[in-house]
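Data block below; observations after.
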Amino acid sequence: MSTRTSDGPALTRAAVRDRLDRVTDPELDRSIVALEYVDAIEIDGGNVGVDLTLPTAWCSPAFAWMMAVDARDEVESLPAVEEARITLHEHMHETEINRGVNERLSFAESFPDADGDIAAVRAELDEKARVARQYDAVEALLEAGLDPETIVELQVRDLEYADGADSVSIYVRDSSFAVTVPDAPIERYLEKARETNLVSAPDDRLFRTPEGDPIDPDSFELVHRRGRLAQVNMSSQGGICDGLREAREGRLEGTVDE
Amino acid sequence: MYQQNGEEIFVIDGHVHLWDATEENIKHQGGEEFIQCFYDYHTTFTPEERQWDIDEYRKYGADRMVEDLFGNAAADMAIFQPTYLTDFYDDGFNTTEQNAELATEHPERFVLNGTFDPRDGEEGLEYLEELHEKYEIPGVKLYTAEWRGDSKGWRLDDEEAFEFLQKCADLGIENVHPHKGPTIRPLNRDAFDVKDVDDAASSFPELNFIVEHVGLPRLDDFCWIATQETNVYGGLAVAAPFAQNRPGKFSEIMSELLWWLGEDRVIFGSDYAIWNPDWLVEEVMEAELTEEHRAEYGVEWDLETKKKVMGENIADLYDIDIEAKREAFQNDEISQQFDLEDHYASGEPAPADD
């Protein structure tokens, strides 16, 4: 992904929206902007207000928390922003979440009764997102003509970016030749692979099993299928959330005059 | 029986309830939240003209249930899966005893399952024995996210749960149906995590684990577990109604299930009254896998597969002789009530639905 440079001194809604676009629903691995969770963005000098509504009032408080915190932090990463204020609406725990996020409390401070820790929940979902994204990256490599034996051996240092191009070159067989693939699926994958600490050093293997191990060429097909399955799981859950949101909106419209 | 291209498909609905969520029966706010949440799932995946209003949804009664399930022969048999929730509802949401009233009235049509909760300890084991003696229950429905006092759930791979599973094995209660599916307010999402099925299934190979709702939102974990444990099955409730308003998604989920589990381990259930077999069976039967998915996964949703998923697979688990049933239904009380004698005798289409 190229670094965006829209963060000028004059703060615009578009710039804020761009930042929010990087925040994902952790269960679906899709942008909260694309999912239409963002109702409004208000800018007042260096202060930015963001209004969010999730598909249901009982969306997991942990997920709601992650999205609200991530939205706050992304918006505040804009140099022109002094403070971001997040307001979650129509959620059973909106009071705790809005207070916690805006007063910079931890999840445990905001939900003293909750068991389990938010980092573990996030790590598990990040891992699933990584597996799902790996599927698209590997598909791109298969499409470019690489075989499974080559793909499982690839390392970080085999990637080479050309300036200004939307593609990445991948050197294989001891740099004896290179193929060129679109950079979007590769970058999207690497983002999560780095977040999950699987890929950092130049000689780290690029792709892993869902358990984080190197991939044996004999199990390439199975691992690839599991990536596809992770995608189907997310989009199925997305279908449920989406449906519940439509039902909820329908009901709200129905009662607007009452 | 469902008629398709001159063939008949015997339908066993693997997951039905007869519940009471009237305000008089609700004793905890959670009970109201629970039925409202159920209602959201109902409206989200039910065609608009078939949606119920919330009052009829709270309590629909035995007569309506019999008509919805069997009136137009959408289903031929059904399996009661109790959900107690006694911390939320005075008399429970739908207990084995409540379901038994209707099930024992039509024993040829209904299978009556029981339940256990390991948090009940010694008393719970005795209750399980009592259900076995009184009703000869062939299976149990388990609700791991159920609240009990301060506890917000339990795990199937706990030592206590293993004692109960051992008791099931000893008593010959072979079919275990854990709900591993979407969050239902106010229950805890993580208490429905499917992962605890893994150890339970490998520790009790003599039991069958029918995972209701195929683990959603953890379909990936579920399929992976089922690939390794051959006594794990997938119950389609929640996935099935995707056929109606998200056919592409239905195609994809079904393709995954058939690829990972195979056609012998996927089982239909409506989760009545969340969804109604009255229309749902037809939607699922007429659903198709997309060209793209058929090519990608190499699986088919054809007559052979439908016969297994819609009836034969669960008939095997519950020792139901479909041919004998069909013969018996040529003249049972329910066929008489709904003029279905000819339907079962000659394979004539069931009377048109209104």
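If you go through the range A:27-73 and keep only what is away from chain B (no Cβ under 14 Å), acidic (Asp, Glu) and within 12 Å of the chain's Cα centre (by Cα), you end up with just A:Asp70. For the range A:78-127, residues that are in a loop (DSSP other than H, G, I, E, B) and either more than 14 Å from chain B (Cβ to nearest Cβ) or in contact with a strand residue (DSSP E or B) (Cβ under 9 Å, 6 or more places away or on another chain) (or both) total 12.
Test A:Leu222 against the stated conditions and say whether it is part of a helix (DSSP H, G or I), over 28 Å from A:Arg22 (Cβ atoms) and without any contact (Cβ under 8 Å) to a residue 24 or more places away in the chain. When the stated conditions are applied, A:Leu222 passes them. Where strands (runs of 3 or more DSSP E) sit wholly within the range B:79-189, those with at least 1 residues that are polar (S, T, N, Q) and buried (at least 18 other Cβ atoms within 10 Å of the Cβ) occupy B:175-178. Here A:Trp58 does not fit the description of being closer than 24 Å to B:Leu187 by Cα, surrounded by 24 or more Cβ atoms within 10 Å (Cβ to Cβ) and not basic (Lys, Arg).
Residues of the range B:232-289 that are closer than 26 Å to A:His224 by Cα and of a type in the set (D, E, K, R): B:Arg246, B:Lys249, B:Glu252, B:Glu256, B:Glu263, B:Asp264, B:Arg265, B:Glu288.
What about A:Gly227, is it more than 8 Å from chain B (Cβ to nearest Cβ), small (Gly, Ala, Ser), out of contact with any strand residue (DSSP E or B) (no Cβ under 6 Å at 6 or more places or on another chain) and not in a helix (DSSP H, G or I)? Judged against the criteria, A:Gly227 is not a match.
Please tell me if B:Asp339 is at pLDDT 95 or above and in a loop (DSSP other than H, G, I, E, B). Against the criterion (at pLDDT 95 or above and in a loop (DSSP other than H, G, I, E, B)), B:Asp339 qualifies. For the residues A:Ser60, A:Ser77, the requirement of being closer than 17 Å to A:Val121 by Cβ and of a type outside the set (Lys, Arg) singles out A:Ser60.
Among the residues of the range A:3-23, is there at least one that is closer than 19 Å to B:Arg189 by Cα and either in a helix (DSSP H, G or I) or within 21 Å of the chain's Cα centre (by Cα) (or both)? Let's see the steps before the verdict.
Narrowing the range A:3-23 to residues closer than 19 Å to B:Arg189 by Cα: none.
The answer is no, given that none of the residues of the range A:3-23 is closer than 19 Å to B:Arg189 by Cα and either in a helix (DSSP H, G or I) or within 21 Å of the chain's Cα centre (by Cα) (or both).
Scanning the range B:209-254 for residues that are among the acidic types (Asp, Glu), touching a residue at least 40 places away in the same chain (Cβ under 8 Å) and either in a strand (DSSP E or B) or more than 9 Å from chain A (Cβ to nearest Cβ) (or both) yields a single hit, B:Glu212. If the condition is being buried (at least 21 other Cβ atoms within 10 Å of the Cβ) and assigned to a loop (DSSP other than H, G, I, E, B), then the range A:27-55 contributes A:Glu27, A:Leu28, A:Asp29, A:Ile32, A:Tyr37, A:Leu54, A:Pro55. Every listed requirement among (1) assigned to a helix (DSSP H, G or I); (2) over 19 Å from the mean Cα position of the chain (by Cα); (3) in contact (Cβ under 8 Å) with a residue 12 or more places away in the chain is met by A:Glu246 save one, (3). Being surrounded by 15 or more Cβ atoms within 10 Å (Cβ to Cβ) and either assigned to a loop (DSSP other than H, G, I, E, B) or on the phi < 0 side of the Ramachandran plot (or both) holds for only one residue in B:Glu283, B:Glu323, B:Glu304, and it is B:Glu283.
Of the set (1) modelled with pLDDT of 95 or more; (2) within 23 Å of A:Ser235 (Cβ to Cβ); (3) more than 10 Å from every other protein chain (Cβ to nearest Cβ), all apply to B:Phe192 but (1).
Condition check: outside any helix (DSSP H, G or I), surrounded by fewer than 24 Cβ atoms within 10 Å (Cβ to Cβ) and at pLDDT 95 or above. Does B:Glu296 satisfy that? For B:Glu296, the condition - outside any helix (DSSP H, G or I), surrounded by fewer than 24 Cβ atoms within 10 Å (Cβ to Cβ) and at pLDDT 95 or above - is not met.
Report the residue count in the range B:255-276 for those that are within 14 Å of chain A (Cβ to nearest Cβ) and either closer than 30 Å to B:Gly61 by Cβ or among the hydroxyl-bearing types (Ser, Thr, Tyr) (or both). Residues in the range B:255-276 being within 14 Å of chain A (Cβ to nearest Cβ) and either closer than 30 Å to B:Gly61 by Cβ or among the hydroxyl-bearing types (Ser, Thr, Tyr) (or both): 4 in total.
Yes/no matrix, rows are residues, columns are (1) of a type in the set (A, V, I, L, M); (2) within 12 Å of chain B (Cβ to nearest Cβ); (3) within 18 Å of the chain's Cα centre (by Cα); (4) surrounded by 21 or more Cβ atoms within 10 Å (Cβ to Cβ):
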site	(1), (2), (3), (4)
A:Leu190	yes, no, yes, yes
A:Ala193	yes, no, yes, yes
A:Asn197	no, no, yes, no
A:Arg205	no, no, no, no
A:Gly212	no, no, no, no
A:Ile215	yes, no, no, yes
A:Val223	yes, yes, no, yes
A:Ile240	yes, yes, no, yes
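In this structure, B:Ala200 qualifies as more than 14 Å from chain A (Cβ to nearest Cβ), in contact (Cβ under 8 Å) with a residue 12 or more places away in the chain and small (Gly, Ala, Ser). Only one entry in A:Asp183, A:Asp163 is under 21 Å from the mean Cα position of the chain (by Cα) and charged (D, E, K, R), namely A:Asp183. Considering the range A:79-111, and only residues there that are surrounded by fewer than 20 Cβ atoms within 10 Å (Cβ to Cβ) and hydrophobic (A, V, I, L, M, F, W, C), the residue that is farthest from A:Gly239 (Cα to Cα) turns out to be A:Ala80.
The values are calculated or read from the model by the stated rules, or taken from the named source; none is laboratory data. Keep in mind the model is a prediction, meaning the values are calculated, not measured. As a convention, Cβ positions derive from the backbone with ideal geometry for all residues, glycine included, and neighbour counts pool all protein chains shown.
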